[in-house]
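One structure below.
The values are calculated or read from the model by the stated rules, or taken from the named source; none is laboratory data. Values in this document were obtained by computation on a predicted structure and should not be read as measured data. Methodologically, a virtual Cβ is constructed for each residue, glycine included, from the backbone with ideal geometry; neighbour enumeration extends over all protein chains shown. For the accessible areas, the whole protein counts, side chains as well, though only heavy atoms, and no ligand, DNA or RNA atoms are used. Shrake-Rupley method; radii C 1.70, N 1.55, O 1.52, S 1.80 Å.
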Amino acid sequence: MSASANPDFAIDVKDLNKHFGDKHVVNNVSMRVRKGEIFGFLGPNGSGKTTTIRMMCGLLKPDSGSGTCLGYDIRRDSADIKRNVGYMTQRFSFWDDLTIRENLDFVARMYQVPGRRDVVQKSLEDLGLVGRAGQLAGELSGGWKQRMALAACMLHNPMLLLLDEPTAGVDPKARCDFWDELQGLAARGVSVLVSTHYMDEAVRCHKLAYIAYGKLLAQGSAAEVVASQHLSSWAIIGEKLVQLQETLRQQPGVEQTVSFGTVLHVSGTDADLLQRTVAATVAHQGVRAQKIDTGLEDVFIYMMSRSADNFGDRP
Amino acid sequence: MSRRNGFSLVRWWSIVRKEFLQLRRDRVTFAMIVGIPILQMALFGYAINTDPKHLDTAVISADNSDITRSFISAMKNSDYFKFVGQLPDEAAGRDALNRGKVLFVVTIPAGFTRQLLRHERPALLIEADGSDPIAGASALAAVNGIAQSVIQKELTGPLAPLAGSPAAFDVEIHRLFNPEGITQYNVVPGLMGVILTLTMVMMTGLAMTRERERGTMENLLTMPSTPIEVMTGKLIPYIGIGLIQSTIILLAARFVFHVPFFGNIGAVYLVALLFVAANLTVGITFSSLAGNQLQAVQLTVFYFLPNILLSGFMFPFQGMPKWAQALGNLLPLTYFNRLIRGIMLKGNGWADSWPSAWPLMVFTLVVMTVAVKTYRRTLD
């Protein structure tokens, strides 16, 4: 009953389920990642992203469901998957008490990388860490740790990268560099599944999936994900938006209000009703309203709060 | 499509290297390796082996003469015995021993002096509380010397011919409560097993849980390594540590405690190696079972106590009830104690050692199998 090993897909999983105790952490998740694609995996904390990724690379056994990673069955062939996939854990999981070079060298030995010394040296040069190769990994700053971790899981030239929040806690410049690297890898045919919380990163992905409370709520390109929720949105620009937000929230047709400082986004599924409400409310407030394209962030917040309503009783 | 993931020497060696590198940087552990044997040797070795003096002694004297008085005062002068009083009869003597009021009861039988003068070689009786065998050992060892000096001193003049004979009188020693009659020399070789048990099980117990607590286990599991590679790879450095500790203890035994050494040094290292392996498998199993480092330490203590109490290290094995002996027979330390004492003190060879050696091998194999079975390949 395994999913067909379609050569176009780096990841092809169907109906994955995982329970921890009586918690249904991953609920019928199906996902397809094309080769050479950067696939963004989004969702609030505790939504099951990490668990899903761990099931894909053989670190956890799914309770039910099937699928393939690079054509290998995720249940049977976890040894093959481990050899061919690069997995970067959410938490830095290299050895703090080994130096950078020792860490890379250990990983290269474990994967039996041919020409180990040269590969490690090249990796250090690419990282710009040759001068600090003898420094303990534990002494690196957050951004450098992430870069070292990415370099380490690239040593064996995997054709699929699973990256679990690789840029959490990393400064914007380092994040930007990191994504440039990812895009370079994708251009060379490496498939990347990356989980993130950042919108600017989400828009750099070719495809997105949004998961909340273990359920996959939307999947597709950014435009497809936005379109799938049929939201129309207005931006309200002006002063004293806090009170206005309170008022608007009670009005018919308004399903979501999100404040971005001097701009307030108002969204709803009934475009006509929303337009009338906005027009009526804005008229005597001295603010300006303007129809906008619904953004990814609006959609994500919408999906998250809707799923919270549906599954809110579940912790 | 799925290739079997066989044992790879390259991966195994990379794990061994990693463990050595980490160990080299872990100063605390390194200090423990050298420090624990030295500290415990000093503590137990001296605490148990100090030559105790002024031990409470009672006398049941049915004969009062110059010679018996001289014998008693010679015992006093030796500093080993401290006389706390006279007792009326044997029953009172046994009672005092039972209650632990005295460690020794010296009985001088009626007519002792008369028999002595008639060349009848009478016997003095010393009953010793053997439940604390270490306490009495050196005192008892001194008794014959005391007897000899009394003979030399008292039997002069017309009685001189008596002194020349093998012994004018005998001192009979009865050790009560202690069938094995352990002497202090038994303690130091036994300590070797105790120290190895504690450090080996604890250190390897922490080996895997440390990876889990630091989050590096997830990384290790992501790599294409088999349980056997990871577990044995992690154990190798500790075998070295075990042998270093054994050396420290053997050197201390020889040069600090002057334990006699009759056996083959190669045999000692061989059984030490066997014993270290047995303990490492226990540790690595605990490491798989325990969720965190604290639990691993708790499991170690849970394992350590019966090892001390039931292995014959602290209490004579033959003195234990059958069920306790059965329990003791499951513990590697029991066999190691027999092996090491046999080899060091009796000069036992391979044939003598085999009955205690094969259970250690079986134990190691069985526990290693359990360890590999309990190794979690996933994070479930």
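Structure summary
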read-out: Count of segment B:345-378 residues which are closer than 18 Å to B:S311 by Cα, touching a residue at least 24 places away in the same chain (Cβ under 8 Å) and polar (S, T, N, Q); value: 2
read-out: Residue match in segment B:47-63 (condition: at pLDDT below 85, open to solvent by less than 40 Å² (accessible area, probe 1.4 Å) and in contact with a Pro (Cβ under 8 Å, 6 or more places away or on another chain)); value: yes
read-out: Filter result (open to solvent by 60 Å² or more (accessible area, probe 1.4 Å), in a helix (DSSP H, G or I) and free of Cβ contacts under 8 Å to residues at least 24 places away in the same chain) within segment B:299-325; value: B:V301, B:F302, B:L305, B:L309, B:K322, B:W323
read-out: Checklist (1) in contact with a Gly (Cβ under 8 Å, 6 or more places away or on another chain); (2) assigned to a helix (DSSP H, G or I); (3) free of Cβ contacts under 8 Å to residues at least 40 places away in the same chain applied to A:A280, failing item; value: (1)
read-out: Odd one out for A:Q112, checked against (1) open to solvent by 50 Å² or more (accessible area, probe 1.4 Å); (2) among the polar types (S, T, N, Q); (3) within 21 Å of B:R376 (Cα to Cα); (4) at pLDDT 90 or above; value: (3)
read-out: Hits in segment A:280-306 (condition: among the polar types (S, T, N, Q) and open to solvent by 40 Å² or more (accessible area, probe 1.4 Å)); value: A:Q285, A:Q290, A:S305
read-out: Test: B:R69 is within 14 Å of chain A (Cβ to nearest Cβ), open to solvent by 10 Å² or more (accessible area, probe 1.4 Å) and more than 30 Å from A:A79 (Cα to Cα); value: no
read-out: Pairs, first more than 10 Å from chain A (Cβ to nearest Cβ) in segment B:13-34, second surrounded by 14 or more Cβ atoms within 10 Å (Cβ to Cβ) and assigned to a helix (DSSP H, G or I), C-beta under 6 Å, six or more apart; value: B:V16/B:G233; B:V16/B:I236; B:E19/B:K234; B:E19/B:P237; B:F20/B:P237; B:I33/B:I241
read-out: Top-ranked residue in segment A:75-90 [being out of contact with any helix residue (DSSP H, G or I) (no Cβ under 8 Å at 6 or more places or on another chain) and open to solvent by 10 Å² or more (accessible area, probe 1.4 Å); ranked as nearest to A:S64 (Cα to Cα)]; value: A:R75
read-out: Any hit, segment B:366-375, residues being of a type in the set (K, R) and modelled with pLDDT under 85; value: no
read-out: Among (1) in a helix (DSSP H, G or I); (2) closer than 19 Å to B:A139 by Cα, the one test that B:T57 misses; value: (1)
read-out: Filtered residue count, segment A:41-50, keeping only those that are modelled with pLDDT of 90 or more and more than 11 Å from A:V29 (Cα to Cα); value: 3
read-out: Scan of segment A:205-259 for residues that are assigned to a helix (DSSP H, G or I), surrounded by 17 or more Cβ atoms within 10 Å (Cβ to Cβ) and among the β-branched types (V, I, T), ordered by number; value: A:V225, A:V226
read-out: Spans of strands (runs of 3 or more DSSP E) in segment A:34-152 with at least 3 residues within 13 Å of another protein chain (Cβ to nearest Cβ); value: A:85-88
read-out: Filter result for the condition that a residue is modelled with pLDDT of 85 or more, assigned by TED's automatic domain parsing to the domain that holds B:M203 and of a type in the set (A, V, I, L, M, F, W, C), over B:L43, B:L23; value: B:L23
read-out: Residue in segment A:19-27 that is within 9 Å of chain B (Cβ to nearest Cβ), buried (at least 23 other Cβ atoms within 10 Å of the Cβ) and either modelled with pLDDT of 90 or more or part of a loop (DSSP other than H, G, I, E, B) (or both) present; value: no
read-out: Selection within segment B:109-125 - over 39 Å from the mean Cα position of the chain (by Cα) and closer than 14 Å to B:I151 by Cβ; value: B:F112, B:T113, B:L116, B:L117, B:H119
read-out: Top-ranked residue of segment A:153-204 - restricted to ones that are among the polar types (S, T, N, Q) and assigned to a loop (DSSP other than H, G, I, E, B), ranked as surrounded by the fewest Cβ atoms within 10 Å (Cβ to Cβ); value: A:N157
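Here is a yes/no grid of residues against (1) surrounded by 23 or more Cβ atoms within 10 Å (Cβ to Cβ); (2) in contact (Cβ under 8 Å) with a residue 40 or more places away in the chain; (3) more than 14 Å from chain A (Cβ to nearest Cβ):
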residue	(1), (2), (3)
B:T204	yes, yes, yes
B:N219	yes, no, no
B:T226	no, yes, no
B:T232	no, yes, yes
B:T247	no, no, yes
B:F261	no, yes, yes
B:A272	yes, yes, yes
B:N279	yes, yes, yes
B:A296	yes, yes, yes
